[in-house]
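Worksheet: one structure, shown below.
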Amino acid sequence: MEINKRFDRILAIMIQLQSKKVVTAQELADRFEVSLRTIYRDIRSLELAGIPVYSEVGVGYSLVDGFRMRPVLFTKEEALSFGVAEKLMKNYLDKNLSGQFSSALYKMKAMLRTTDKAVVSTVESKVLMRSKTELFNQELPEGLSVLFEGISVRLCLSISYQSVEASVPSVREVEPVGVFHENGFWYFVAYCHLRLDYRQFRLDRVHRVDLTAKPFERQHKPLEFYLEKQQQDLETLVKVRISVDQEVVKHLKWERDYFGFHSEVEKGDQVEVTFMCSNLNNGFARWYMMFGDKAKILEPDSLKETIRVFARENLKNLDELQQ
C-alpha cells in the first residue's frame, strides 16, 4: 500500500513539474504533507528513471526545456470534479473567462474514458448554481480577462470606475497587482496614477476597462502584502459598537464582513457587535437603518447623529408623499 502511495506521489510531482516553470521542494512538501527529505528522495527517483529534472540551489526544480511526458488519464474522482467545476466557473467568472474555461474543459473531457464521460454528463445534469449576487457589471463581459492579461504582461489599464461616494464614474489609469474574491464580490488591488497610491477596486463597479500599451512604472510586491497592510491600518478606521437583538443578528452574517466586522459577544438576549469601519456615514449608517429598530448604537456618538438626520429625512419624505 505504501509503495502505491509513493508511486502516486512521484507521478503527481512529475505532473506538477510540467505545470509550472519552477517548483520548490517546500511547495511539494506542503502539498503532499511529507518531509523535505522525502521530496528529495522522490526527485532522485525521477532522475534515476531518466526524467531530465534540473535543480538549482535556492531556486527550485524544473524540467529541461522541450521535455514532455505522455498525457496521464484522469481518475474517476478527478473526472467527477469536472461537472461541478464548470457550473462553479460559470457562476463566478465573467462571460469571457467562463467561455475560455469551458473551452479548456472540453479539451480535458476529450481525454476521458467513455465510461467517465457518461459519469460527468450525469453529474452535470444534477448540479445547479443559483445566486442573486451580481458579481460583474453585465455590460463588462471581459472584465476579469483584461485584468489577468494586464497583470501577466505588466501593462497599465484604463478603467472607468464608479466609487460609492461619487455620482459619476471617473477615468483612471492603474497598474493591477492582483485579484481576489471576498464576501460575494470580485476585487482587485492596483496602483492608481490618479491617487498616486495603491487602491482597492470592486469589479462590479467598473464600467469600462481597456488594456493600454503603457508598461508598468513600478515593481509591485505580491498581492498578500497589500491585503495584510490593509489589516495593519485598522487604527485609521472608526470603531463602531452596536447591540442587536438575538433574533436579528443571525441575518446580518451575510453582509457584516463588508462593513468591517471585528467581533461579537452575547449578552443575554442581545449581541454586542464590534466593527472597524471605513465608510461610516454613508455605507454603514445606511446599512444600519435596515435593522435599526432592533438595535442600539453604543458608539460612536457621531453615528447616532447621522442616523437621526437620515430618520428625519425619511419622515419628511413620507409626509410629502401623504400631502
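The values are calculated or read from the model by the stated rules, or taken from the named source; none is laboratory data. Remember, predicted model here, so these are calculated numbers, not experimental data. All Cβ positions, glycine included, derive from the backbone under ideal geometry; neighbour counts span all protein chains shown. Accessible surface areas use protein heavy atoms only, side chains included; no ligands, DNA or RNA. Shrake-Rupley method; radii C 1.70, N 1.55, O 1.52, S 1.80 Å.
For the reader, a short list of remarks on this structure follows.
- Against the list (1) open to solvent by 30 Å² or more (accessible area, probe 1.4 Å); (2) out of contact with any Pro (no Cβ under 7 Å at 6 or more places or on another chain); (3) under 30 Å from E139 (Cα atoms), the condition Y40 fails is (3).
- Being part of a helix (DSSP H, G or I) and among the small types (G, A, S) is a property that S121 has.
- Candidates are the residues of segment 56-75 that are surrounded by 13 or more Cβ atoms within 10 Å (Cβ to Cβ) and assigned to a strand (DSSP E or B); the one that is modelled with the lowest pLDDT is L63.
- In segment 289-305, the residues that are part of a helix (DSSP H, G or I) and either under 32 Å from the mean Cα position of the chain (by Cα) or among the acidic types (D, E) (or both): G292, D293, D301, L303, E305
- If you go through segment 234-285 and pick out every residue that is over 24 Å from A311 (Cα atoms), of a type outside the set (V, I, T) and assigned to a helix (DSSP H, G or I), you end up with 4.
- Breaking point among (1) over 27 Å from F201 (Cβ atoms); (2) exposed (fewer than 15 other Cβ atoms within 10 Å of the Cβ), for I307: (2)
Residues are listed down the side, and each one gets a yes or a no for (1) in a loop (DSSP other than H, G, I, E, B); (2) more than 22 Å from L280 (Cβ to Cβ); (3) open to solvent by 30 Å² or more (accessible area, probe 1.4 Å):
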| residue | (1), (2), (3) |
| --- | --- |
| R172 | no, yes, no |
| H181 | no, yes, yes |
| V189 | no, yes, no |
| R195 | yes, no, yes |
| F201 | no, no, no |
| Q219 | yes, yes, yes |
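- Among the residues listed as R154, R208, the single one being more than 29 Å from F261 (Cα to Cα) and touching a Leu at 6+ places or on another chain (Cβ under 8 Å): R208
- Single residue of L227, L211, L157 found to be in contact (Cβ under 8 Å) with a residue 12 or more places away in the chain, in a helix (DSSP H, G or I) and within 28 Å of K95 (Cβ to Cβ): L227
- Cβ pairs under 7 Å, 6+ apart, first in segment 9-26 and within 13 Å of I43 (Cβ to Cβ) and open to solvent by 50 Å² or more (accessible area, probe 1.4 Å), second assigned to a loop (DSSP other than H, G, I, E, B) and not β-branched (V, I, T): none
- Subset tally (residues that are open to solvent by 20 Å² or more (accessible area, probe 1.4 Å), more than 20 Å from F185 (Cα to Cα) and touching a strand residue (DSSP E or B) at 6+ places or on another chain (Cβ under 6 Å)) for segment 156-169: 1
- Annotation for segment 251-267: no member residue is under 26 Å from E182 (Cβ atoms), in contact (Cβ under 8 Å) with a residue 40 or more places away in the chain and over 24 Å from the mean Cα position of the chain (by Cα).
- Per-region count, segment 160-198, residues of a type outside the set (G, A, S) and without any contact (Cβ under 8 Å) to a residue 24 or more places away in the chain: 8
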